[in-house]
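Here is the structure we will look at.
Since every read-out is calculated from the coordinates, none of them should be taken as a lab result. Just so you know, these numbers come straight off a predicted model, no measurement behind them. Counting neighbours? That spans all protein chains shown, and the Cβs are built from the backbone with ideal geometry, glycine included.
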Amino acid sequence: MASPDYYGGHGPGIVGVSVSLCCVATILLALRYYTFFYVVRNKGAAALLWATVAWALGIPSVILYCLSASYGLGNHITIVYDAPKLTTALLFEWIAANTICFSVWFAKLSTAIYILEVQGHTNKIGKWLLIVTLSVNLICYVGTIPIIFTQCTPADKLWDQTKPGNCNGVYRAFVWATFTGAWGSMTDLILAFYPSVIIWNLQLRLKLKLIISILMGLGVVTAVCSLIKTIEFGRLEAVKDSTYEIAPLMIYGMTEMWVVLIASSAAPLWPLVRRSIQSTTSTSPRSGPSPFNALYSVSRSRFSKTSGRSKYGHTYSEALRSIDGDSQDGIVPTEGIMLTRSLTVKHDA
């Protein structure tokens, strides 16, 4: 570990943001697993899988950022210029920047899959919009790796400025980062607002429409973080106190990574929240539909056939039931009885 004197400046801020947001995202992911197994009964496995991959990529980024801060990154160059592990800190920062990109992408993929599961076979244009935007986003992130590590010749001059050579690729990296950041922000906005289009065309009560739209709309925060991160990256070319002024880029990058995962977990946790509210407001076992079930325009019948299944393995009604968190599961025996819900979907002309 580097001398405690090197840890300072924005270093504690880097560690604080990284660890605190990581804890929040970890708790929400754990709650998603509880919801998956005990509330919605194994619905939404694909979205949960990719959210887990995003989380797994985020953990090494937190570790690398904390080590970088302890080695002097985030502090003033006049204090840490002779830090024995400063070059290691810079190397860790660049590695973490790449793992953050892919963590963000897998979290966005999780959100998109969740949206497509709810949407089912409806709105094919919207489906392809999500596929194209995420595909371009992935290409941008994959292309970021060689562009970052070819900024300087030799490559290790990127994190060790004492090496002889040049960094003529900095402007190319800035242009690429600007495009990637802008496209990433656009993707965040699409993922934030597109669910509202789906929900608003359904015959649901306004209260539930607003709740789901707000939960899914948390992606706006990640869009803002992505834009600020792009601006901060552009400033690096002209900074004089590089180890200190790189800190905002690190903080906003880390914030974007965890907030996009937190946002992707918000709507899938609604069934658990709904059940928790019911458990605190109900004084006796339910024998009929709750006020929450009344949020949907549904009809129930026995011994009927289920609707056609979507590509993602859920019926449209099942996907919405996973949001509603049908608390009747396990209350009545299902042998010989098939409970279905039919929804009336209105499409605006």
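Descriptive notes on the structure:
- Neighbours of residue 100 by Cβ distance under 14 Å: Lys/Arg scored +1, Asp/Glu scored -1, total -1.
- Each part reduced to its alpha carbon centroid, the range 203-220 and the range 55-90 end up 40 Å apart.
- Based on C-alpha pairs under 8 angstrom that are at least 6 apart in sequence, the range 14-121 has a relative contact order of 34 percent.
- For residue 222, the shell of other residues with beta-carbons less than 9 Å away shows a net charge of -1, using +1 for Lys and Arg and -1 for Asp and Glu.
- The residues packed around residue 33, meaning those with a beta-carbon under 14 Å from its beta-carbon, carry a net charge of +3 if Lys and Arg are +1 and Asp and Glu are -1.
- Members of 85/229; 85/163; 209/229; 124/209 lying beyond 27 Å, as alpha-carbon distances in this model show: 209/229
- More than 29 angstrom apart: percent of Cα pairs within the range 4-272: 34
- The packing ranking of peptides 217-224, 194-201, highest mean first, is 217-224, 194-201, where packing means the average number of other beta carbon atoms within 10 angstrom of each residue.
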